[in-house]
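Notes follow once the structure below has been shown.
Just so it is clear, none of the values below were taken in a lab; they were calculated from the coordinates. Treat the numbers as computed from the prediction; the structure is a model and nothing was measured. Cβ coordinates were reconstructed from backbone atoms using ideal geometry, including for glycine residues, and neighbour counts include every protein chain displayed.
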Amino acid sequence: MRFPVIAALLLGIAACATPPPRGTGDLGLVIERAAGRVMLIETSGRSSLGHIEGLGDLSHASAVFSRDGRYAYVFGRDGGLTKLDLLRARIERRVIQAGNSIGGAISQDGRLVAVANYVPGGIRIFDAQTLEPLSVVPTGAKVVGIADAPGNRFVFSLFETGEIWIVDASDPRRPQVRKIVGVGKQPYDGFITPNGRHYIAGLFGEDGLALVDLWAPQAGARRILDGYGRGEEPLPVYKMPHLRGWAVAGRYIFLPAVGRHEVLVLDSVTWTEAGRIAVHGQPVFAVAQPGARRVWVNFAFPRNDVVQVIDVAAMRVVKELRPGRAVLHMEFTPRGEQVWVSSRDDGAVLVYDTATYAELARLPAQSPSGIFLTSRGAMTGF
Amino acid sequence: MLRFLAMLALAAVCTTALAGAPAPARRAEILHLLRQDCGACHGLTLKGGLGPSLEPAALAAKDADQLSFVILQGRRGTPMPPWGAFLTQAEARWMVEQLKKGLPK
């Protein structure tokens with residue numbers, strides 16, 4: 001008698017386990033870096049849908065998404081490239097592709113995933129569907145700031161040698177490389193503007209940034225915001241700032257100043273300084289809220305328990321939040337009504353209403369770092 | 001007798017090495033700092049990132065005093081910042097001992 005009951009129960013569970021069809025437009029993931037896993041999230045009900053385990057060393061991990069928003073590609077520090085199926089909540093494929101990697105990008109057509117490596121320095125290009133390795137572009141230096149550009153190109157910077165390389169992967173087994181040398185000392189990160197035209201690398205070893213117009217790459221790189229430190233000794237940098245296309249708010253680009261408690265404002269028409277905003281600490285991320293009315297900023301150790309909000313029209317800080325200890329990342333929903341914030345040392349992901357700053361939800365997470373939503377899959381440079 | 005003396009000497013050496021060791025609660029904080037904040041550049045497992053590997057094999061041949069000096073003073077012209085504002089000399093020294101031994105998992 002008991003047996004059939006259990007069998008029926010099991011059958012029932014099996015039936016329930018087949019989820020109804022759903023879209024992926026409101027899905028995303030949170031890197032739980034100490035646990036080597038990701039938490040699947042959905043932003044409509046602001047909840048966790050569970051975890052996917054077994055992703056290896058996820059310090060500094062980042063993710064990009066397939067164009068259909070179903071798959072995530074997670075780049076781990078141990079060189080692991082993991083393809084996740086968000087709908088089935090499982091690892092689809094995983095390869096260890098190098099000793100030490102820093103991030104990656106997906107091509108314009110969605111067919112290629114490029115991984116940027118520190119050791120051995122270079123990028124590796126994979127088939128996005130199968131993760132079959134297609135080609136390697138060795139650089140002899142640490143690759144930073146990789147971004148995809150129109151024309152199935154990947155653009156990145158080289159830390160030790162101060163170069164920006166543009167790799168055309170239209171023929172992914174025979175990528176064509178254009179090198180721009182002498183862009184400045186120690187580029188630490190780079191990004192592409194949302195329209196795919198300009199690539200900007202931040203420099204650690206000099207006060208300034210390097211700008212490349214991808215419509216005219218033969219013209220090389222030009223220095224912008226040169227000498228923004230005005231000869232003052234920079235403060236020690238306990239965490240490198242991060243750059244990405246989210247820095248663009250209308251005509252202005254908001255950039256972390258290296259070694260200063262300032263956000264720099266760059267005019268993207270004249271490429272000159274449009275102002276600078278004094279902030280709480282050394283900025284790590286300066287992210288424009290979709291709609292570009294506000295820019296949210298988090299900070300480096302030891303001032304990393306605060307988030308400040310800059311009003312773009314007023315060009316000043318209008319709000320300060322204290323989400324928790326060690327705030328590592330902020331991610332907006334595509335229309336900007338919510339922002340998800342990770343507090344590593346409080347073990348929580350917080351969701352704020354961007355209009356009222358009210359805390360809408362708080363999800364427990366193990367040392368959460370990056371938060372990545374599927375809407376990135378539709379954006380150049382993500 | 002000789003053995004006994006040798007043991008005494010060894011005990012003395014060990015106590016000196018431990019003399020400046022941080023209290024248990026502080027140790028946990030330092031290990032957290034190592035994994036998380038040093039890990040931001042050296043990798044969460046300290047296998048290396050923008051900064052080099054800090055695993056036992058990578059540090060074996062390096063002088064402990066020099067390593068703690070780098071931690072406290074940083075290295076100019078590189079992204080390695082000085083941590084002297086957050087760590088005492090004894091704490092930096094203890095950190096180096098932990099690194100050379102390998103961090104507990």
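What to note about this one:
- Taking only the C-alpha atoms of region B:23-101, Rg followed by Dmax gives 11.5, 35 Å.
- Other residues within the sphere of radius under 14 Å centred on the Cβ of B:PHE86, judged by their own Cβ, net out at 0 (K and R +1, D and E -1).
- For region B:48-66, the residues whose amide N sits under 20 Å from a probe point set 7 Å from the Cα of B:ALA21 along the beta carbon direction are B:56, B:64-65.
- Top of A:LEU255, A:LEU225, A:LEU211 by mean-square fluctuation, Gaussian network on chain A, Cα under 10 Å: A:LEU225
- Stokes-Einstein D for region A:190-232, Kirkwood Rh over Cα pairs, 10 °C, 1.306 mPa s (µm²/s): 145
- All other residues whose Cβ lies under 10 angstrom from that of A:ASP311 are scored, Lys and Arg at +1 and Asp and Glu at -1, for a net of +4.
- The alpha-carbon atoms of the protein assembly as shown define a convex hull whose volume equals 185 cubic angstrom per residue.
- Peptide B:38-48 has a mean of 6 when you count, residue by residue, the C-beta atoms of other protein chains within 10 Å of its C-beta.
- Using the Cα coordinates of region A:191-276, the gyration tensor eigenvalues translate into equivalent-ellipsoid semi-axes of 21, 14, 12 Å, sorted from longest to shortest.
- Ranking of A:TYR118, A:TYR199 by neighbouring Cβ atoms within 10 Å, starting from the fewest: A:TYR118, A:TYR199.
- In this rough spin-label picture, where each label sits 7 Å from Cα along the Cβ direction, the A:ASP85-A:GLU232 distance is 5.5 nm.
- For region A:47-52, backbone phi angles converted through the Karplus equation (6.51, -1.76, 1.60; θ = phi - 60°) give residue-by-residue couplings of 9, 8, 9, x, 10, 10 Hz, Gly and Pro being listed as x.
- Spin-label model, A:ASP345/B:ALA85: points 7 Å from Cα along the beta carbon direction are separated by 1.5 nm.
- Extension gain from A:SER48 to A:VAL306, taking 0.36 nm per residue of separation minus the Cα-Cα distance: 90.5 nm
- Helix A:2-17 and the longest principal axis of the C-alpha atoms of chain A enclose an angle of approximately 30°.
- Pairwise Lys count, the protein assembly as shown - Cα closer than 29 Å, eight or more residues apart or different chains: 29
- With R₀ set to 30 Å, the beta-carbon distance separating A:ASP267 from A:ALA358 gives a calculated FRET efficiency near 0.35.
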